[in-house]
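Notes to accompany the following structure.
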Amino acid sequence: MILREVEDRDLVLRARRGEVDAYNVLVSRWERRVFNYLLRIVNDRQDSEDLSQEVFLKAYLSLKKLVEPSRFAPWLFRIAHNEAFSLMRRRRPEAEAEPEATGQLTASRMYPQELSLAVAAALARLPAEQREAVLLKVYQGFKFEEMAEILECPVSTVKSRLYTALDRLKDVLAPLSERSVS
Amino acid sequence: MNCNHADLKGYLLGELPPDERRQVEEHLKVSPACQEDLDRLRLTHTALLALRDEEPSRRIAFVSDKVLAPNWRQRFWSAAPRLGFASAALLAVAIVSHGWLTRPPQPATPTLDAAALERQVQAEVQRRLPAAVAQAVAESEARQTRKMAEVLKAAEERLSLETRGQLVAVQEAFDLLNKRMNIMYVASSEVGGAR
């Protein structure tokens, strides 16, 4: 993580000096993570791709506002968070679409692809704020303080959302994980 | 530490400071329920990691767009080393310009136009060639005439000498014949006188 921050900082500084190629490297480094983060929040590929584009464009245009270049990642996910929840507010009726049931998947041993689908479904059932907390912690590896910075809320709120989400997921996923075929 | 205070999720996620982490580990040794709960959290975490990343169907396009690249003025002023290099370049240009503008006057050298020069040469050759050829032919003819005259003269002289020689020989042969006839006449006269 430290090496990543150092490289990000160097790339940010070069991009600020006008080296578009340096920003291209930043994009290629983060676009997949940002896309998957957005995908799990808004549950729509097309929206996620459009939002990814928006996120990186806004980040580029406001790169000079980034106070600490080494903290590029939390800052980038802060922009992604804002974009995702802005879209969800505009589409509130569809935003919390009912995910597919996972009941049938619990009956037998699970293959990796099935387990992946079950996890996606379980995540989709969580409230958006709890789901986002899981995404930032489990998949993006941010510390609680970084998550608080991204979500603009206290660390206690971050922990509350994350712990509640883990309790819910534990009831669904722990039994599946026990039966999974590695 | 009791079960309510054990931050098992913080422990699992690696967010606890070392001393608090040790306390949780001590508590897990005496609390099978918390150990079981931690095992279920680990299974949940493992299951979550089974979620596969998806690939975006298109890449971020705008980053290669030249519109986003700063213009030359921004690039120029954004880097101090470049500014230093530009200053050095300007200084070099000034020195070279000064040297050029203050150089001593040099005689103007005619500009040679190879094509025009070639045309002039061709025209002069065309102009002079017939006369030169005529002169050469005339000289050659004169040389031939002189040589012919000399040969004729030599031939005439040789023929004259030969003719003169032949005439002398005829003269000599006639004189010899005349002498023999005289001798025969004298001899016949002497034979007749004696009878």
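The values are calculated or read from the model by the stated rules, or taken from the named source; none is laboratory data. Everything numeric in this text was worked out from a predicted model, so none of it was measured. Ideal geometry is used to build each Cβ from the backbone, glycine not excepted, and the neighbour counts take in all protein chains shown.
Within the range A:117-136, is even one residue touching a helix residue (DSSP H, G or I) at 6+ places or on another chain (Cβ under 9 Å), facing chain B (nearest Cβ under 10 Å) and among the charged types (D, E, K, R)?
No, the range A:117-136 contains no residue that is touching a helix residue (DSSP H, G or I) at 6+ places or on another chain (Cβ under 9 Å), facing chain B (nearest Cβ under 10 Å) and among the charged types (D, E, K, R).
How many residues, within the range A:38-65, are surrounded by 20 or more Cβ atoms within 10 Å (Cβ to Cβ) and in a loop (DSSP other than H, G, I, E, B)?
Of the residues in the range A:38-65, 1 are surrounded by 20 or more Cβ atoms within 10 Å (Cβ to Cβ) and in a loop (DSSP other than H, G, I, E, B).
With the requirement that a residue be surrounded by fewer than 10 Cβ atoms within 10 Å (Cβ to Cβ) and either among the small types (Gly, Ala, Ser) or under 60 Å from the mean Cα position of the chain (by Cα) (or both), what does the range B:143-195 give you?
B:Gly192, B:Gly193, B:Ala194, listed by residue number.
Among the residues of the range A:138-145, are any of a type in the set (Lys, Arg) and part of a helix (DSSP H, G or I)?
First, the residues of the range A:138-145 that are of a type in the set (Lys, Arg): A:143.
Add one more test, that the residue is part of a helix (DSSP H, G or I), and what stays is none.
Checking the range A:138-145: not a single residue is of a type in the set (Lys, Arg) and part of a helix (DSSP H, G or I).
Out of everything in the range A:147-164 that is in contact (Cβ under 8 Å) with a residue 40 or more places away in the chain and of a type outside the set (A, V, I, L, M), what residue ends up being surrounded by the fewest Cβ atoms within 10 Å (Cβ to Cβ)?
Among those residues, the one meeting the criterion is A:Glu152.
What about A:Ala118, is it buried (at least 17 other Cβ atoms within 10 Å of the Cβ) and modelled with pLDDT under 80?
When the stated conditions are applied, A:Ala118 does not pass them.
Tell me which residues, restricted to the range B:1-24, are in a helix (DSSP H, G or I) and surrounded by 11 or more Cβ atoms within 10 Å (Cβ to Cβ). Before the answer, list the steps.
Residues of the range B:1-24 in a helix (DSSP H, G or I): B:3-5, B:8-12, B:18-24.
Selection gives B:Cys3, B:Leu8, B:Lys9, B:Gly10, B:Tyr11, B:Leu12, B:Glu20, B:Arg21, B:Arg22, B:Gln23, B:Val24.
Select from the range B:44-57 the residues that are part of a helix (DSSP H, G or I) and crowded, with 19+ Cβ neighbours inside 10 Å and list them in ascending order. Talk me through it step by step, then tell me what you get.
Step one: filter the range B:44-57 for residues part of a helix (DSSP H, G or I), giving B:44-48.
Passing the criteria: B:Thr44, B:His45, B:Ala47, B:Leu48.
Hey, any hits in the range A:26-37 for a residue that's facing chain B (nearest Cβ under 8 Å), surrounded by 17 or more Cβ atoms within 10 Å (Cβ to Cβ), of a type in the set (Phe, Trp, Tyr) and free of Cβ contacts under 8 Å to residues at least 40 places away in the same chain?
yes
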